[in-house]
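Notes to accompany the following structure.
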There are 2 protein chains.
Amino acid sequence: MMQNPNSSLYALRKSIISNLIDTSTMTNSGKITKLKKGDLVFKECDEFHYIYILLSGSIKTFTTINSGTEKITCFYYQDDIVGFSGIDTGRYPVSAKALEASSVFRIRFNDIEKLTDKHPNLQNNMLRLMSRQIHENQNLLSLLGKTQSEKKVASFLFNIYIQSCHSSTFTTLKLPMSRRDIGNYLGITEETVSRSITKLSQNNLIAISGKKFNIVDKMKLVELIDGHPV
Amino acid sequence: MMQNPNSSLYALRKSIISNLIDTSTMTNSGKITKLKKGDLVFKECDEFHYIYILLSGSIKTFTTINSGTEKITCFYYQDDIVGFSGIDTGRYPVSAKALEASSVFRIRFNDIEKLTDKHPNLQNNMLRLMSRQIHENQNLLSLLGKTQSEKKVASFLFNIYIQSCHSSTFTTLKLPMSRRDIGNYLGITEETVSRSITKLSQNNLIAISGKKFNIVDKMKLVELIDGHPV
DNA sequence: CGTGTCCTTGAGTGTCTTCAACGATAGTGG
DNA sequence: CCACTATCGTTGAAGACACTCAAGGACACG
């Protein structure tokens, strides 16, 4: 079908987003919200009515475990669609919080179902996008399962590189979340994340300074993570 | 919406399955296949045309990593629907293999799209089911991330108990996969799985003998896994 | 009944975590 | 604009935990 899975993902997203925005302007239900760092988009257990297109910035979703500690389930970047997982039960199973200044476009989910006549591909495209998310999660499971910390961190960074859709290896990328958040997500401690980053940097696979990094040796990095780009 | 997420899942599945089977008999595309232990349902990279309802038995899906080792991504039990993740790219991203004697009902995916007139809820229900799978995967991520091995194994067993939909704690459950498969899935070694099981058994949280087990102390088990039933 | 796989248990090693300290960074109020 | 303070990030040392390697018993299959 499509040769490059990432360019196809990009096109799929763009198609869905343009359909959704078109839909919402017709029904007058769309709304852009500006978020500051730390603002909540929705809370766990809120009733599910909307899905959100992330126009700029970044968002994390997390659940709160009994003991009160949060467990991060996903990071979202520009052009991602957030809120899917509420479809099934009618309530969001996670909270969504802005990692930095961001903006989201809100769409009422019911409107999507109504307008299948006008956009016959929309529902099918949403199915495809969700199918992809399942697939991506399974890759992540694969990663979190095996391997040591350094591979997890390498894979995490490489994934951000992939998602950014930049062609050049030398583009500087941003790490909007804290080391603690990365550790939380990957199931390792903050300290281990830091040590892994230091090691990757010392071995010249990446270059990193604070929240900015870039991939120095893409081949070695891919080799290290054994073809698991998350 | 629905109070009990599991009974709603059960109803959702049943509704989808009955719609699918109805659809396939109309188009004459349905087919039941009997599988022996070790038989493949589909292979990684096969073209995606069908999804499969698991009528009886159990199936594992896995990817083959560069080095040739397999990584298990999911286990499926009776009434599960297998093959979703192929929707997006047009090829299955995983292989599916029977863990024991099983039978599956095969349905051509294109037929589902065609018959949205007759079954207007079908596509939406499929969206819901996929939404749930995303949610479940995120729970699993949460599990694999943190916690120690004993919690992973406890959670894995508890999940099988939940999925079986039995009301009684004392029902004997079957573990169709090997310890090695469990370890592969949970990201720990076979030996650690075995040691964890022994420990859980010694502490009277479960009772286990070979491939049969039951939950002895449900409350303690839930407490151990900190409300993470995968 | 034999053979291969599965399961369990043990001992030693390596990795990650924990606890602790300190420097760097960023956000806040004067 | 600068000083202040809280959080973030890094590094070290000691301990806990899971892994590796190894061996032997249990089980299932032909």
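The values are calculated or read from the model by the stated rules, or taken from the named source; none is laboratory data. Computed from a prediction, not measured in an experiment: that's the story for all the values here. Positions of Cβ are backbone-derived with ideal geometry, glycine not excepted, and every protein chain shown enters the neighbour counts. The area values use the complete protein model at the heavy-atom level, side chains included, leaving out ligands, DNA and RNA. Shrake-Rupley method; radii C 1.70, N 1.55, O 1.52, S 1.80 Å.
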Q. Distances from residue A:49 to the same residue in each other copy, label points 7 Å out along Cα→Cβ, in nm, shortest first?
A. 4.6
(Q) From the phi angles alone, apply the Karplus equation (6.51, -1.76, 1.60; θ = phi - 60°) to segment B:197-203 and give each ³J(HN,Hα) in whole Hz, x where the residue is Gly or Pro. (A) 4, 4, 5, 4, 6, 4, 7
Q. So what's the angle, to the nearest 10 degrees on a 0 to 90 scale, between helix B:149-163 and the longest Cα principal axis of chain B?
A. 50
Q: Pairs of lysines 8 or more apart, or on different chains, with alpha carbons under 13 Å: count those in segment A:5-139, would you?
A: 9
Q: Let me know the charge dipole size of segment B:147-224 about its Cα centre in debye, to the nearest 20, where only the beta-carbon of Lys, Arg (+1) and Asp, Glu (-1) is charged.
A: 120
Q.
Give me the count of lysine pairs in segment B:147-224 whose alpha carbons sit under 16 angstrom apart, restricted to pairs 8 or more positions apart or on different chains.
A. 10
Q: Please calculate how many Å² of accessible area the protein assembly as shown carries per residue, with a 1.4 Å probe and no DNA, RNA or ligand atoms counted.
A: 45
Q: Report ³J(HN,Hα) in whole Hz for each residue of segment B:84-89, in order, from the Karplus equation J = 6.51 cos²θ - 1.76 cosθ + 1.60 where θ = phi - 60°; Gly and Pro get x.
A: 2, 5, x, 3, 5, 8
**Q.** Most mobile listed residue (A:46, A:79, A:88) in chain A, GNM with C-alpha springs under 10 Å
**A.** A:88
Q) Looking at B:133, B:78, B:28, which one has the Cα that reaches farthest to the positive end of the dipole of segment B:5-140 (charges on Cβ: Lys, Arg +1; Asp, Glu -1)? A) B:78
(Q) Report the rotationally averaged projected area of chain A based on its alpha-carbon convex hull, in square nanometres. (A) 13.1
Q: Find, among the chymotrypsin sites (Phe, Trp or Tyr not before Pro) in segment A:77-145, those assigned to loop by DSSP (not H, G, I, E, B) with at most 16 other beta-carbon atoms within 10 angstrom.
A: none
**Q.** Selection of trypsin sites (Lys or Arg not before Pro), segment B:20-96, meeting DSSP coil and at most 14 other Cβ within 10 Å
**A.** B:36, B:37, B:43
Q | In degrees, nearest ten, helix A:120-145 long axis to first principal axis of chain A (Cα) | A | 20
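Tell me, what % of the accessible area of segment A:14-66 is carbon and sulfur with a 1.4 angstrom probe?
On segment A:14-66, the fraction of accessible area on carbon and sulfur atoms equals 53 percent.
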Q. Inter-copy label distances at residue A:202, 7 Å along the Cα→beta-carbon direction, one decimal in nm, shortest first?
A. 3.8
Q.
Between residue A:56 and residue A:201, how high is the FRET efficiency from 1/(1 + (r/R0)^6) when r is the Cβ-Cβ distance and R₀ = 25 Å? Nearest 0.05.
A. 0.30
**Q.** Using alpha carbons only: equivalent-ellipsoid semi-axes of segment B:173-230, gyration tensor based, whole Å
**A.** 18, 14, 11
Q) To the nearest 10 Å², what's residue A:128's accessible area with a 1.4 Å probe? A) 50
Q: For residue A:217, go 7 angstrom from Cα along the Cα-to-Cβ vector, then report the distances to that same point in the other copies in nm, smallest first.
A: 5.1
**Q.** Total accessible surface hidden between A and B, rounded to 100 Å², 1.4 Å probe
**A.** 4100
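Determine the order of B:45, A:74 by accessible area, beginning with the largest, at a probe radius of 1.4 Å.
These residues rank, largest area first, as B:45, A:74.
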